[in-house]
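Okay, structure first, notes after.
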């Protein structure tokens, strides 16, 4: 018996990852090997996404999946994506803040969004490019999509870092730790010790105030610590895993409660700003925003974080507008 390739294309979920750097390529691997979706890996550098896609395809027999993985430089190949993840942009270098990247990465994210939305007008967009809160705002404005279809990956990563540092301090399994971090993806993020638990026990009952503050400080500097160690790169394994969790909850309609960057319309007393808060993620994207009962101090910290995002977002929009005038 001779088998010939099928000429009938079966419907399948599709995720486009824009940017084939370390984060994008690691995410493509996670998505395919978890058998979540077919993956289109897009980059402006000719040959790189094609080579990475071929490499990942050659691992399919070992990893036991049959997902299609396409590497391309053409946005037409991303058509009909269910989810578009934007990782394209310059990474941080030692001594740089996330905000230092605003104008350069803002132009990149603007161009990416405008091209991707043409071919996938109903996609859900997840932004990973830094500075993340501001880039999510740009993606929303450029796409014209409803707010529930545009979000940023931040709180999942920041919470994972907090979770890791708590586990290391207490010598317990990370599986028993649930951490919560709100606010912007930067130095003004708001880790919440009261809502960070070890098998249901708040960490405030398991360690001193000084220890908690030390772990919070390390969480806020978690990305910079890796940049300083690597010298020529930034984190990518944990960001890829964090994004994959979000994609999984959307594609499988798992409705997980995850802290993500979203546009607030009065929740927590905040309006017209993208900032990280707990959300329920399902097949429609952000299906609801959870409002935690915050103390006065926690609410002030969240508002301070949001105001910093608002100010820089306004500056990015002005800079981008002037660049087109």
request  = Tell me which of these residue 219 doesn't satisfy, since it passes every other one: (1) over 18 Å from residue 133 (Cβ atoms); (2) touching a strand residue (DSSP E or B) at 6+ places or on another chain (Cβ under 8 Å); (3) buried (at least 20 other Cβ atoms within 10 Å of the Cβ).
outcome  = (1)
inquiry  = With touching a helix residue (DSSP H, G or I) at 6+ places or on another chain (Cβ under 6 Å), surrounded by fewer than 20 Cβ atoms within 10 Å (Cβ to Cβ) and modelled with pLDDT of 95 or more as the only criterion, which of 190, 212, 198 stands out?
reply    = 212
ask   = Just wondering, is there one or more residues in region 101-110 that are in a loop (DSSP other than H, G, I, E, B) and either modelled with pLDDT under 95 or under 15 Å from the mean Cα position of the chain (by Cα) (or both)?
value = no
task = Just one of (1) part of a helix (DSSP H, G or I); (2) out of contact with any strand residue (DSSP E or B) (no Cβ under 6 Å at 6 or more places or on another chain); (3) within 25 Å of residue 40 (Cα to Cα) trips up residue 121, so point out which.
result = (1)
Residues of region 134-172 classified as outside any helix (DSSP H, G or I) and either under 16 Å from residue 87 (Cβ atoms) or touching a strand residue (DSSP E or B) at 6+ places or on another chain (Cβ under 9 Å) (or both), total = 8
query = If you scan region 256-302, which residues turn out to be surrounded by fewer than 18 Cβ atoms within 10 Å (Cβ to Cβ) and in a helix (DSSP H, G or I)?
reply = 267, 269, 296, 297, 299, 300
Count - residues of region 193-237 that are touching a residue at least 12 places away in the same chain (Cβ under 8 Å), under 30 Å from residue 27 (Cα atoms) and assigned to a helix (DSSP H, G or I) = 13
inquiry  = Contact list please: Cβ distance under 8 Å, first residue in region 300-325 and not assigned by TED's automatic domain parsing to the domain that holds residue 135, second residue assigned to a helix (DSSP H, G or I) and at pLDDT below 70, pairs at least six apart or on different chains.
reply    = 312/99
task = Could you give me the residue pairs with C-beta distances under 8 Å whose first residue belongs to region 143-159 and is in contact (Cβ under 8 Å) with a residue 40 or more places away in the chain, whose second residue is surrounded by fewer than 19 Cβ atoms within 10 Å (Cβ to Cβ) and assigned to a strand (DSSP E or B) wherever it lies, and which are 6+ apart or on separate chains?
result = 147/265; 148/287
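The values are calculated or read from the model by the stated rules, or taken from the named source; none is laboratory data. What you see is a predicted model, and the numbers here were worked out from it, not measured in a lab. Using ideal geometry, Cβ is built from the backbone for each residue, glycine included, and neighbour counts are taken over all protein chains shown.
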